[in-house]
Amino acid sequence: MLKAIVLGASAGGGFPQWNSAAPGCLKAKEGQGAKARTQASVAVSGDGEHWFLLNASPDLRQQILSTPELQHKGSLRGTPIQGVILSNAEIDSITGLLTMREREPFTLMGSRSTIAQLDANPIFEALDREIVTRKIISLHEPIPLTMKDGCPSGLTLEAFTVPGKAPLYAEKAGTRPDDSLGLSISDGQRTLLFVPGCAEITPEILDRAQNADLLFFDGTLWQDDEMIRAGLSPKTGHRMGHVSVNGEDGPLRHFAHCSCPRKVFIHINNSNPILLEDSPERQIAEQAGWIVAEDGMTFQMEAA
Ligand code: MLT
Ligand code: MN
């Protein structure tokens, strides 16, 4: 069995974003025509009881408290969370780790570059290395995910680099090839692909998506210059390391013939009109077979 819960569907900043009174954010605040969403993270499990987090968002505490599957039952303290797998070292992917500092053992996995960012930031030493093991993921090879007690979880991870950029706070140091990963999780029969940040859709990504049962893909922006047009930010999507949903090089076009049965947009920026339930853009995305992720959405795939 392969089960995935969307803990958070929005990009960095969340929806609504704390400092925004843009029309979409006002709708989300009022719950009128748009649902609020926390920052992107997905929980995956092979048995419905033990979970691995794909990224640890700044909203992790709230996400755990609103997800019964992630709550501890029984002894005084504990957690069903066995590990955290990071796709990058962006603030919206790693700061939830600081929520997990209450002396809980778990495994922390990321690329060499991502682990180096954590190592360079002393605040993450709050996660005692004696009990929170940091592991550099070997790329392009299946890695069995083990639970805290060493037993197999039934899940296998395969990670691969995707075009991206250095985290926002480390841009001056330049981009490294393993700054951004795609994560493939399999129970041996079903496969889920998690690519929340992607600057270019490569043949490898297309090929992996073609063979996946569930794809979570970068839904940051609808079009490359939408934040500039809206007067929200001087940055394009490309400048931020994201292709745009409706771009020439974006997922609507590139995955149009992909046979993956469930394609889900995640890491959706508050400026993206697909967040608005009655928008033409939302209709276009859905007619193209895409699901616009919402917090709490659950996908369960049984063995074939
Ligand atoms: C991104 O995904 O582009 C980053 O999360 C940007 C940010 O940290 O604000
Ligand atoms: Mn982000």
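Each value in this text was obtained by applying a stated rule to the coordinates, not by laboratory testing. For clarity, every value in this text was computed on a predicted model and none was experimentally measured. With ideal geometry, Cβ positions are generated from the backbone for all residues, glycine too; neighbour counts draw on all protein chains shown.
Before anything else, pin down the relative contact order of the chain: Cα pairs under 8 Å, at least 6 apart, normalised by residue count, whole percent.
Numbers: 720 pairs, mean separation 59.3, N = 304.
Result for the chain is 20 percent.
If you place +1 on the Cβ of every Lys and Arg and -1 on the Cβ of every Asp and Glu, how big does the dipole about the Cα centre of region 98-185 come out, in debye to the nearest 20?
160
Given Cα pairs under 8 Å that are at least 6 residues apart, what percent is the relative contact order of region 64-213?
Result for region 64-213 is 18 percent.
Provide the packing ranking of 73-80, 92-99, i.e. peptides ordered by the mean count of other C-beta atoms within 10 Å per residue, highest first.
On the way: 73-80: 10.2, 92-99: 22.0.
Put in order of decreasing packing, that is 92-99, 73-80.
Positive end of the dipole of region 1-121, charges at C-beta (+1 Lys, Arg; -1 Asp, Glu), about the Cα centre: which of Met100, Gly78, Ala36 has its Cα farthest in that direction?
Ala36
Local charge sum around Glu90 (other residues, Cβ-Cβ under 15 Å, Lys/Arg +1, Asp/Glu -1)?
On the way: positive: Lys165, Arg176, Lys235, Arg239; negative: Asp59, Asp92, Glu171, Asp178, Asp179, Asp218.
Local charge sum for Glu90: -2.
About the Cα centre of the chain, how large is the charge dipole given +1 on each Lys and Arg Cβ and -1 on each Asp and Glu Cβ? Please answer in debye to the nearest 20.
It works out to roughly 460 debye.
Can you give the charge dipole size of region 100-245 about its Cα centre, rounded to the nearest 20 debye, using +1 on the beta carbon of Lys and Arg and -1 on the beta carbon of Asp and Glu? All intermediate terms of the calculation are to be shown ahead of the outcome.
Values: 15 positive and 21 negative charges, 64 e Å.
That gives region 100-245 a dipole magnitude of about 300 debye.
Run a plain Debye calculation on the chain (Cα atoms as equal point scatterers, no solvent) and give log10 I(q)/I(0) at q = 0.07, 0.12, 0.13, 0.15 Å⁻¹, rounded to two decimals, same order as the q list.
Debye curve over Cα of the chain, log10 I(q)/I(0) at q = 0.07, 0.12, 0.13, 0.15 Å⁻¹: -0.24, -0.73, -0.87, -1.19.
Which length gain, in nm to one decimal place, applies between Arg101 and Arg262 when the Cα-Cα distance is subtracted from 0.36 nm times their residue separation?
54.5 nm
Using Cα centres only, tell me the gap between region 119-148 and region 203-258 in whole Å.
Result: 29 Å between the Cα centres.
Setting aside same-chain residues fewer than 8 positions from Lys165, which lysines have a Cα under 28 Å from its Cα?
Excluding near neighbours in sequence, the set is Lys135, Lys235, Lys263.
Got a sec? Charge dipole of the chain, +1 on Cβ for Lys and Arg, -1 for Asp and Glu; which of Leu139, Pro261, Ala89 is way out at the positive end?
In the chain, that residue is Ala89.
What 222 nm value per residue comes from the helices of the chain, counting each DSSP H run with n ≥ 4 as -39,500 (n - 2.57) and dividing by all residues, nearest 500 deg cm²/dmol?
-4000 deg cm²/dmol
Mind checking the full-extension length gain between Thr146 and Glu49? Use 0.36 nm per residue of separation minus the Cα-Cα distance, one decimal, nm.
33.6 nm
Relative contact order (percent) for region 1-155, with alpha-carbon contacts under 8 angstrom and 6 or more residues of separation?
19
Under 10 Å, Cα contacts only: if you run a Gaussian network model on the chain, which one of Gly83, Gly150, Gly197 comes out with the highest mean-square fluctuation?
Gly150
Note down the net charge around Glu102, summing +1 for each Lys or Arg and -1 for each Asp or Glu among other residues with Cβ under 13 Å from its Cβ. Walk me through the intermediate numbers first.
Working: positive: Arg61, Arg77, Arg101, Arg103; negative: Glu104, Asp128.
Surrounding charge for Glu102 is +2.
Rank by packing, highest mean first: peptides 267-280, 172-185, with packing defined as the count of other Cβ atoms within 10 Å averaged across residues.
The packing order, highest mean first, is 267-280, 172-185.
For region 174-181, take each phi angle, set θ = phi - 60°, evaluate the Karplus expression 6.51 cos²θ - 1.76 cosθ + 1.60, and give the result in whole Hz per residue in order, putting x for glycine and proline.
x, 7, 10, x, 9, 5, 10, 10
Taking amide H positions as placed in the peptide plane 1.01 Å from N, state which residues far from Val42 in sequence (5 or more) or on other chains have amide H under 5 Å from it.
It is Leu7, Leu54, by chain and number.
Counting DSSP beta bridges in the chain, what percent are antiparallel, to the nearest 5?
Antiparallel: roughly 50 percent of the beta bridges in the chain.
When the Karplus curve 6.51 cos²θ - 1.76 cosθ + 1.60 is applied with θ = phi - 60°, which whole-Hz ³J(HN,Hα) does each residue of region 142-149 get, with x for Gly and Pro?
Computed from phi, the couplings for region 142-149 are x, 10, x, 8, 9, 7, 4, 8 Hz.
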